[in-house]
Structures are given as C-alpha cells and as structure tokens.
There are 2 protein chains.
Amino acid sequence: MRWSQLFIPTLREAPAEAEAASHRLLLRAGYIRQLGAGIYSFLFLGWRSALRITQIIREEMDRIGGQEFFLPALNPADIWQETGRWEQFGETMFKFKDRAGRDICLGVTHEEVMTDIARRELRSYRQLPQIWYQIQTKFRDEARPKSGLMRLRQFIMKDSYSFDLDEAGLDVSYRKHYDAYCAIYDRCGLKYKVVEAHSGAMGGAVSHEFMVISDAGEDQVAICECGYAANLEKAKSLLPPVTDNEAALSPEEFSTPNIKTIEELAAFTRTGPEYMAKSLVYMVESKPLLVQIRGDHQLNDAKLTDALRGVLWRPAHPDEIRQYFGAGAGSIGAVGVRGIRILADEALRGRKNLLTGANRDHFHLRNVTPGEDFDAEFADLRTVQTGEICTQCQKKKLTVAKAIEVGHIFKLGRRYCEAMGAKVLDAAGKEITMVMGSYGIGVERILTAAVEQNCDEEGMFLPRVIAPFEVVITPVNYSEREHRDTAEEIYREMLHAGVDALYDDRDERPGVKFKDADLIGVPYRVTVGKKVKEGKVEIRDRSTRQTTDVRISEVTKRLRSEFFR
Amino acid sequence: MRWSQLFIPTLREAPAEAEAASHRLLLRAGYIRQLGAGIYSFLFLGWRSALRITQIIREEMDRIGGQEFFLPALNPADIWQETGRWEQFGETMFKFKDRAGRDICLGVTHEEVMTDIARRELRSYRQLPQIWYQIQTKFRDEARPKSGLMRLRQFIMKDSYSFDLDEAGLDVSYRKHYDAYCAIYDRCGLKYKVVEAHSGAMGGAVSHEFMVISDAGEDQVAICECGYAANLEKAKSLLPPVTDNEAALSPEEFSTPNIKTIEELAAFTRTGPEYMAKSLVYMVESKPLLVQIRGDHQLNDAKLTDALRGVLWRPAHPDEIRQYFGAGAGSIGAVGVRGIRILADEALRGRKNLLTGANRDHFHLRNVTPGEDFDAEFADLRTVQTGEICTQCQKKKLTVAKAIEVGHIFKLGRRYCEAMGAKVLDAAGKEITMVMGSYGIGVERILTAAVEQNCDEEGMFLPRVIAPFEVVITPVNYSEREHRDTAEEIYREMLHAGVDALYDDRDERPGVKFKDADLIGVPYRVTVGKKVKEGKVEIRDRSTRQTTDVRISEVTKRLRSEFFR
C-alpha cells in the first residue's frame, strides 16, 4: 500500500502519562488512540496487527478441533445468577437495565452462555468432547484501568471452552489448548513462560498462565533455571534453615517503648526479623482472624483467599484491632488470644523462641513458640522472594520477575455444569455432569508483549507475521526520478510476489521517512538511494539495524530467503 | 471437516414463534440460538457463514481504499452530547454509569468517535480523502426486537465513514461505496435493489438503501419496471386525475349521525373517499397541528417529520382534539379553524367541493375547497400505494413491496464535523469544515436475506461463497465399506484441491443424513451410493434438486467446472 494514501498519524512525542514503552510506541506509531479511561480505538496499523494475531489464534484453534462461535456481549442476568457470579464479579461487571427494566450485563467472560448452550444441546457422551471458541470483545469495569493496552475496560479475547465426559477427557482438551497456546505464542515470536497459576474467580483446581517476562507487566512470577515457574500467587519455595538453638523457653514480656514495626523491633532488639512472628488482623464474615507470618515475609492475598476457601476478607480497621486485642496493630500477638481463629504460615512451623507483640501497647514478648504458646492452623501464606530455593530442583535459587499475562487456561471441573445442570447420558445411559475447561488469550496483551520485547527508543520492530507490513520501501529522495521509479518497480514486484509491502511514496525529507519507518514496527526496510546507480539498494533489518546491499533484481528473493524469519 | 466431530444441532421442528423462513431455518440448521430478546448466539455453521460475509465486505472495502479500524463499543457520554444525539437516540441507546459514576453508552453507530479522531488527527487537505471502516458489534435497545436476526439488540455492522474537503469529494467517496456495496451483494449472490431513502436520525440530504425484496422484510419500497425504486418513506408517485366537475361551491353542513370513519362516510354519502379530506391531529412542541389528507390516502410518518424539519411530534390525545376542535376525532375538519397550523397533502392542491368533518359531532361539511375555505401549507405527506404512476417514467405503475434493508449509505454533509469542530486547512491555508459520509452494512441482514432468497420447506441452499461449506459428501450407507472408503477418498481429494467439503461420516440412516444435508445450507451434495460399483457418484444441486452422475475420478473437477457458481 502507498503511505501517502494511508492514515498513519505518527507522533514525535508520546503523552507524558504513557509510562510503558509499548504504550508510548503504540501511540507514537499511530496504532491506537485513547477514547476514555481503559478504552482505546485501534487505528489502521494497530488493527492490521491485531487481525494478524487473531488469524494465527484462529488457525491454531481450528487445528485442535475448536469450533468458532460468536456469543452476545449483552447477557441477561439470570444465567449469571445461576452460578452466583452476578454477585461475585461485583462492580467489575457492567450491569444495567434495558428499556423494559430487565437486568442486563456485559459479558466479562462466557462460561455461563457456553454452559447454557451445552445443557440445551448436548445429550449424549457420543457428542463429546466439544471445544467451542470465539474471538470477541469482553467488558470489565476495572477499578484502576491502566493507561495503554495492559488493563482495559474492553478488550479482545479468544476464549474457548471444552466439555468432556470425565477428567481424563478434560486432561486431553487441556493439553490440546496448552499446546495450541504454545504454538500461537511461538508463531507470534514471543518469548514466554508457562507458569502454575491461581484460578481466582474462575474456580477449578488447576490452571496455567502464559507469561511474558517484562518490567511493564502487572503480574509477578517466580522462576528457576531448572524450569520451575509459577505466579507469585501460587509459587512455593524452600527457605534456608533458621537455627533456633535452644529448647523452647517461656514467653517473657519486655518493654518496647514506641516500637511498632518489624524494622524498629529488629534495630531495638538487635535481632533478625526471621526470629520474629508478625501479626496481621483481617475480618472474615465479620469475625476477626489473626495471621502469623515470619517477620521478613509478606502475606500473599491469593494464598490467604485459598486458605479461607474463597470466603471474602478485608484488613481489620485500627479500632477493630484494639477492640479484639486490647492494643494497637504494632503491639499485638498470638499469645493469650481466646476465641479468635489463628492462621500461621508454614515457615513458622517448628520454630521456637520468637519475638511477637504482647497485646499491650509498648510491650513485646520473647520466647514465643508456635504450637506451644498458642494454637494455630498452619497454611502456605507467604509470598516467595528472590533468592529462595526452588522446590522442584531443590538446589537453585528462584528469581522473582514482573510479567505480562498473555493467556490463562483453567481446568474448571464441574463447577459450572453442576450449577447449571449441564448433563449428558453416558454409555450406560446414566446422567453425568460434564467436565469443563476454559481457556483465554488476550489479543491486546500479545501485541503489547510483542512491542515490549521488540522495541528501542526509536520505535518497534514487530515479528514479521504480526507486523502490519512485512517491509517498508523508502526512496531516499522521492523527487529524484531514479529513486522513485526503482522504488515503484520494487513495490510492484513485491506485491506480485505476495510480499506485504508498504511503499513510502511521500515527498518528505529522508530524515522524516527514516524516523517513521523506524517507529512503526515494520521489521525490514528497503532503502532506495544513491546506490541505485550501481544497480543496488539496501535491505535494513530494523531489529539489528544492520544493512546489506543487494542487487535490485534480487531484492525480493533475498529479502525472503535471507531475512524473513 | 468431519460431521461426526462437529457441533451441528439440527432440529426437525422450529419453535412456534419463529415466523420468517430465515428464522425457522437458521434455528433448525443449528446456525444460531437465542439467548434473550433480540440477542442471539452464532454457533459453528452460522459463524462460518458470517465470517465469509465479513471477509467479502473487507475485501471490497479495501479495494476502494478503506482503512480498517476497530473502535470501542463503550463510549463516554460527552462526544454524544456534542452532537445532541445523547438525547436524540433516547431509549434506543443503552446508557449506564461506570463504577466511577461517569455516563457511558454502548455505540449505536460511530459518527461521533470517528469525527473525534478526525478532528484530532487531520490537519490538512492533503490528508484527504479518508475512508475509515470497521466490522464491529452495535448495540440498540429496540422497543420491539423481532425474533430472528432481523431486528436485533446487538448486531454486527460494517460501518464506514468518509472525510472529504468538499461536496465534490463526498460525491466520489459516496460513489465508491455505492459501487463497493453492489460488489458485495453481487458476490454474496443477493438479488437487491438500490432505493432512494430517508436519512432519519443520521441526518444529511441524500441517502440510498440497498434492499432485498422479501415478505420477511420490515421495510416497504415502491418499485417501477423503469428502474425507479424508493423507500416508502421517500417514494413519490403520480395520481390518476380526479375530476371535480363543478365550480367551487360554498360549504354546507349536513347531519351524519354516528358516522366517524371515512368508510362509514363513504357508504352513508355514496361518495368515493377520493372526494374527502381526512383530518388528523398531532401535537408539535405542545401546539396542535391539523393534517389534511385525501380520504383514500395514508399519512407517511417520515414525510411528516421532514415537513416539520425534524421537530418531534406525537398523535394528539382524544381530549386534546376535543379541546382544540370542539368535536371528536371523527367529526373534525379544517373549515373555521383559527390559530392552528394546517398542513395539507399535495394531492389536495387544486381540489374542490370535498367532504370533511364539521367540527361538530354527528355533522360533516360538503363543498369544502382547500385554499378557499381554509388556508393550508401544502407538502408531500402521503404514502405511495401500489398502482399509482411512477414519477420517473410517468407511464408505468408502481408496486409496493416488503423488503429487507441490507445496507444504507448517507451523504451526511457537515452536520457532525461542524458540531464537533472537525476542520482542516485548505490549499489557501483557510480552515474548512470537513464533509462527511457514513455507510453501513448489516452482516446478519445479509445472511437473513440470503436465506430468504434461497430456501424451501426442507432447508436452505446458500450461495456457495457464503455457505458454511461448499459441498457435503454423503456416503449413503456408512457401514458399507465401499461407500465409506470412496467417500473418504473423495473428501481427501477435495481437501487437497482446496474445495471446502463437509464429510458426513456419521453412522446414521440415509434419510437422516439427506434431511440434514438438505437443511444446512450447503449448495451441493456428493452422494456416494450404489453406483459406486459402476465407478460413479452423484452430484446434487440443492437449489434445483437436480442430480448428475459423474465418474468418481472426475467428481472434484466437474463439481468445480460445471456446478460452482
């Protein structure tokens, strides 16, 4: 296509609020424009890339036997009420009434609609397995939509759903998706990791996320050279041993004037925080819960939710803490507490003689031994930290890194099919509740991750298969006939050969054209300049910035054979 | 693909409420399922067709230089308030508040968002023309969503928008769309008419609709053999002359006990309704308006709106009529009326000695002459009827027919660009408000119209390019090895040759398979049966039901060369 006839509104500067490189560059390259908080328009180049990504997704889904549907975004309330998610999604779901006063929402995901179709249409085990997917817009009223395409209020998702007779069937459907997702990311040129993940609001026991390590990411993962990788919400680790030399002594109160934080207590007592039990208070169904965690550890919200089996919780207010413990948040502990549930992190199991708050302002206790001085249920509650030991290889140290979640697959089990009565007859004629999986890929996330992995200060160089064009042809001096004619000739030849070329036929200064070409994500540039007199043009690989002189007559062939990845 | 592995939930019966053939068949063939009022899920076969239709649209839009965008469905209120359409669309627009309390709506169309991009990004006449399009979901809270895909609350539309420097530019962009739309319908195999249309809420002076004549349609068009075609909202006609022999006499009241309707008055007076002026009362900005129209004519709402320059109106209530005219609706007329605006249809211009109400219950007037006995503004207000004379050829009779609107194109002019301040600098450096066009195609409407034009009681036979598969291969007896092996062989050969074949590998009775094949819209069937022994199979054209024996070795070649349209 000819640049002069296209709408490619490039910018020299990105808006100041654009923090991530991908956000800055997608704006500068004229891929997207913001319409509102978490709401973006795709312009020509951006949508061209997005269409290529969706086509790759479609092909890989078809390859595993997925059947493409297209479900409504407008959803009546009743199916969401059947599964309890009308309430569960809370304000994240856009809810409103139609002109007849009926409750409507915009689909945040489509387990309910798919299960509704399955229960009406599937009757026999012989119809299983089914894999149904769609590529469609999802709506989520995020509390804090992030600028850029990372956390949007409407976004494009390929979501698929598998229905099987039993867990063994689900394992097969799940594996197919796992492999298809790998194929999709591989084709999109992404470097990614598959990590164990937390299932959250979706439910189900097993889930994996596909993560692209990037500082622009909003998730955190723990990874090990041995191959272990998990979302921090799920990650486990081994701790270097802490030696509690002595036998368990009796708790002993001591004065700690104005000491409230772990750091202050450590400095005051000259004791490492690993010898302390930190006390945190939460309200769970209007009852207090006391959490004990090692002084140098952080509580993980998702793990707490799991330990509470999904029951909602919130941090206790200062007055609630004083009411139940008789002291401020910085001076409380587990010793002597009655009638309050205590959850302790596994890292405190078997420890002795710890420091804790005394439930009296300005006082702490030493020699507190969990299990002896207070009764607690133990659970995995802490967030893994860089430098801890991998549980899988039991040797190497874990690294915690930021990551962009580009996909998430779930073994849902029977949660939805049971709630909605989706059953089939098995071979023996018995009614069986189907087993379901759910699988999602974010199209904008793939584009964002691809930009983050393929950019520099001057612009982006997207992997060829998802770039809006494969090559840009730039005559250095458009007003010079020889440059123009040669560029035109190469352009026509490439079109004929099926190379998706963008021809920069604008009569602009070379600097402007080179800057734009460097910016807009096209991986290769053919520069038609002075060397035309020697019958040569230049192929430039945008990612390496290396240039190669080639004969004009060979440019298409060599571009394809030597450069295209 | 293999039928046994697909989800094609065919039904022997359609739900009773499905009236249109397209609705019945799309349900029966497993193309769609209803989720709520005016809300449908596309299943595998339906979406496969829809994707083919959208691909044809995309190709033709790209051919005229259209650039594909993808705009948000979530729209902030402010841009709609700028053009006044936040109020204008009323309850048709889904409106709600987000969690931050901001007003949000779902896009019913996208003039505002496109114009917002244009005003921010376009600076110079050199950037014009631009044609921007998208294929995307629109949301409209219809008062009476119809069952089936005809009047939906969410539907897929290709909408495009042109920006030009002046009207001459708009003419070119408009013509390009006109031609592209014809190409799209031609490729989709539709028989259609292009008609002059009313612009409605969109505004602008000129618009055309693309109409498929069908009893399932919700629109009405007047058509003439000479080529004239117009939506009834816009259509004009010539009337056979009515002779009012005498000179204008003076109005004379006469008793008409209990006579209220035109029919009753005609029977009572033995006078044809063409000799009567019917009186209708409307409230326009809280003032009464009296409309005079010939007794045998119908008022056209769209024409009344035009005559009132878009000002909102409603029928007057009975008590309002009595308040202003001193009589009931069946006994009112224009004579003696003071201080009330009177609009008369052009067909009453120059007429003499008509019958009208006397503004006194149970009395009418004879010898009423418009222009003499009352003052009226004349306007085109009536609905054209079958049998009236075409204004274009002035010879032939018009036919009024029901039609499905499959596209609508608008010359919007400066309405949106002016309201939103979308200007560019012209060659002389002067700021010029851009001139805009807007163009829409409904994807579900194309599918619906194609079914209506290509169906019978047993099912549908879609045009090959938009059918979900090009051919279905049916072994008559799957358990017979020769049938199965030959079918399998033909299937593989077709796949290899790029023919999109559905292989019915189900071990079902022949009757079931034939019935399903007849139903699901695939235009050709290859039947593998007894003649295999002679080295032959049968090609069946679903639309004509004709069968042709062909040699197995030639089936793919002959299907392509002799059958594919």
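Bear in mind these aren't lab numbers, they're just calculated from the coordinates by the rules spelled out. Keep in mind that what you see is a predicted model, and the values were worked out from it rather than measured. Here the Cβ positions follow ideal geometry from the backbone for every residue, glycine too, while neighbour counts run over all protein chains shown.
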Checklist entry - How would you rank B:364-371, B:215-222, B:346-353, highest first, on the average number of other Cβ atoms within 10 Å across their residues? => result B:364-371, B:215-222, B:346-353
Checklist entry - Which FRET efficiency, nearest 0.05, do B:VAL512 and B:ILE389 yield, Cβ-Cβ r, R0 51 Å? => result 0.40
Checklist outcome for this item: With the dipole of region B:372-470 defined by +1 on each Lys or Arg Cβ and -1 on each Asp or Glu Cβ, the option from B:THR386, B:VAL400, B:LEU447 whose Cα lies farthest towards the positive pole is B:LEU447
Item to check | Per-selection metrics, region B:469-563 (Cα): Rg and Dmax in Å | outcome: 11.8, 31
Checklist entry - For B:TYR228, what is the net charge nearby, where nearby means another residue's Cβ is under 13 Å from its Cβ and Lys, Arg count +1, Asp, Glu -1? => result +3
Item to check | Relative compactness, the protein assembly as shown, computed as alpha-carbon Rg over 2.2 N^0.38 Å | outcome: 1.14
Next on the checklist: Could you identify the residue of A sitting closest to the A-B rotation axis by Cβ and state that distance rounded to whole angstrom?
Outcome noted: A:PHE96, 2
Next on the checklist: At 7 angstrom along the Cα-to-beta-carbon line, where would the label on B:LYS97 sit relative to the other copies? Give the distances in nm, shortest first.
Outcome noted: 1.4
Checklist outcome for this item: Magnitude of the Cβ-charge dipole (Lys and Arg +1, Asp and Glu -1) of region B:25-95 about the Cα centre, nearest 20 debye, reported as 540
Next on the checklist: Quick check for me: using +1 on Lys/Arg Cβ and -1 on Asp/Glu Cβ, what's the dipole size of the protein assembly as shown about its Cα centre, in debye to the nearest 20?
Outcome noted: 1320
Checklist entry - Just for region B:252-379, what percent of DSSP beta bridges are antiparallel, to the closest 5? => result 65
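Quick one: net charge of A:ALA419's neighbours, Cβ under 14 Å, K/R +1, D/E -1?
Working: positive: A:ARG85, A:ARG119, A:ARG414, A:ARG415, A:LYS423; negative: A:ASP78, A:GLU82, A:GLU87, A:GLU111, A:GLU112, A:ASP116, A:GLU418.
Net charge in that neighbourhood comes out at -2.
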Item to check | Farthest positive-ward along region B:208-333 dipole, Cα basis, beta-carbon charges - from B:GLY326, B:THR305, B:LEU238 | outcome: B:GLY326
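Partner chain Cβ atoms within 10 Å, averaged over the residues of A:105-118 - can you pull that number for me?
2
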Checklist entry - A:LYS260: which aspartates and glutamates have alpha carbons under 13 Å from its alpha carbon, excluding same-chain residues fewer than 8 sequence positions away? => result A:ASP361
Checklist entry - Relative to the longest principal axis of chain A, what angle (0 to 90°, nearest 10) does the C-alpha long axis of helix A:167-187 take? => result 50
Item to check | Cross-link pairs beyond the 28 Å C-alpha cut-off, checked among B:LYS402/B:LYS513; B:LYS146/B:LYS303; B:LYS234/B:LYS396; A:LYS176/A:LYS234; A:LYS158/B:LYS411; A:LYS193/A:LYS515 | outcome: B:LYS402/B:LYS513; A:LYS158/B:LYS411; A:LYS193/A:LYS515
Checklist entry - Label-to-label distances across copies for A:ASN245, with labels 7 Å out along Cα→Cβ, in nm, shortest first? => result 13.4
Next on the checklist: Cross-link candidates for A:LYS430: which aspartates and glutamates have Cα within less than 14 Å, leaving aside residues fewer than 8 places away along the same chain?
Outcome noted: A:ASP166
Item to check | Dipole magnitude of chain A, debye to nearest 20 (Cβ charges: Lys/Arg +1, Asp/Glu -1, about Cα centre) | outcome: 940
Item to check | Label spacing, shortest first and in nm, from A:GLU346 to its equivalents in the remaining copies (7 angstrom along Cα→Cβ) | outcome: 8.6
Checklist entry - Of the GluC sites (Glu not before Pro) in region A:424-510, which ones lie in a loop per DSSP and count no more than 12 other C-beta atoms within 10 Å? => result A:GLU457
Next on the checklist: Bin width 10 Å, origin at 0, all Cα-Cα pairs of region B:123-164: what percent of pairs per bin?
Outcome noted: 25, 33, 22, 15, 5
Checklist entry - For a label point 7 angstrom out from the Cα of B:ASN477 toward its Cβ, which stretches of region B:524-540 have the backbone nitrogen within less than 20 Å? => result B:526-539
Checklist entry - Over all directions, what mean area does the Cα convex hull of region B:45-140 project, stated in square nanometres? => result 8.2
Checklist entry - How much length is gained on full extension from B:GLU562 to B:LEU249, taking 0.36 nm per residue of separation minus their Cα-Cα distance? => result 105.3 nm
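How would you classify region A:278-350 from its alpha-carbon gyration tensor, with a ≥ b ≥ c the square roots of the eigenvalues: rounded for a/c under 1.5, else prolate if a/b is greater than b/c, otherwise oblate?
Note, shape of region A:278-350 comes out oblate.
Just check region A:252-379 against the gyration tensor rule for me: Cα atoms, a ≥ b ≥ c as the square roots of the eigenvalues, rounded for a/c under 1.5, and otherwise prolate or oblate depending on whether a/b exceeds b/c. Present the calculation step by step, with values, prior to reporting the outcome.
Details: a/c = 1.68, a/b = 1.34, b/c = 1.26.
Here region A:252-379 falls in the prolate category.
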Checklist entry - Which trypsin sites (Lys or Arg not before Pro) in region A:12-94 pass both tests, a DSSP loop state and at most 14 other beta-carbon atoms within 10 Å? => result A:ARG12
Checklist entry - Other chains' Cβ within 10 Å of B:92-99 residues: what's the mean? => result 5
Item to check | Cα-based convex hull, chain A, per residue volume (Å³, whole number) | outcome: 207
Checklist entry - What trypsin sites (Lys or Arg not before Pro) in region B:160-262 are in a loop by DSSP, with at most 16 other Cβ atoms within 10 Å of the Cβ? => result B:LYS191, B:LYS260
Checklist outcome for this item: Where a ≥ b ≥ c are root eigenvalues of the Cα gyration tensor, a/c under 1.5 meaning rounded, otherwise prolate if a/b exceeds b/c and oblate otherwise, region B:197-240 counts as oblate
